[in-house]
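Inspection log for the structure reproduced underneath, given as structure tokens.
The values are calculated or read from the model by the stated rules, or taken from the named source; none is laboratory data. This is a predicted model, so every value here is computed, not measured. Because the Cβ atoms are built from the backbone with ideal geometry, glycine has one as well, and the counts that use them run over all protein chains shown.
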Amino acid sequence: MLFIKSLLLGVGLSMDAVAVSMANGLKNPQMKEERKLSIAFSFGFFQFFMPILGFFLVKSFAGFAPIVMKYVSVISTLILCYLGARMILSGYRKKKNKETEETEGNLLFQAVGTSVDALSLGFTFSQDSIPRVFLSALIIGLVTFILSYCAILVGKKFGTVYAGNADILGGIVLLAVAVLL
């Protein structure tokens, strides 16, 4: 039961990371393998780490969790809006100035921003044992890694087709995800 629950949580929690990964693939259709793995690993790692952090925060500072949980969706929304707007502006600048070099987003910022909801999940693990929390977080992280990697491949495919507008399209995807939070 823990495996299936964690698998489903992983799919649900990874959707923000999947959207951002796809946007990264759209933005850079020539992305090298090590960059794809780096992006997928970053998203997977933070989806693994944040529930564990949330678990330990609840164990250490029980009164802290309700305060953070109120603002989790706002924090995620603001981060994704910022990233989306930045991508759209980058796309317009490239079209206007005919720039060919890619402006890299801050991968750490993306990974943390898409895993804030996993932090609040960790708050709900307060009655579980450390091994169960670790195993669940590991499954969530692995699911996120796999889905993020696949999303990059899909994004790259569309990025090749829509090369001139890939940044703008990727930014719109991020803004849409932010609005749906």
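A few comments on the model shown:
- Of all the listed residues (F158, F134), the sole one being outside any loop (DSSP other than H, G, I, E, B) and at pLDDT below 95 is F158.
- For the range 49-61, a tally of residues being part of a loop (DSSP other than H, G, I, E, B) and crowded, with 20+ Cβ neighbours inside 10 Å returns 0.
- The single condition among (1) at pLDDT 75 or above; (2) surrounded by 14 or more Cβ atoms within 10 Å (Cβ to Cβ); (3) outside any helix (DSSP H, G or I) that G105 does not meet is (1).
Conditions tested, residue by residue: (1) at pLDDT 90 or above; (2) in contact with a Pro (Cβ under 8 Å, 6 or more places away or on another chain); (3) not in a helix (DSSP H, G or I).
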| position | (1), (2), (3) |
| --- | --- |
| G12 | no, no, no |
| A19 | no, no, no |
| L26 | no, no, no |
| Q30 | no, no, yes |
| R35 | yes, no, no |
| Q47 | yes, no, no |
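- Against the criterion of being part of a helix (DSSP H, G or I) and at pLDDT 85 or above, G91 does not qualify.
Residue-wise test of (1) in contact (Cβ under 8 Å) with a residue 24 or more places away in the chain; (2) more than 18 Å from the chain's Cα centre (by Cα).
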residue: L8; (1), (2): no, no
residue: V18; (1), (2): yes, no
residue: S21; (1), (2): yes, no
residue: N24; (1), (2): yes, no
residue: E33; (1), (2): no, yes
residue: S38; (1), (2): yes, no
residue: F41; (1), (2): yes, no
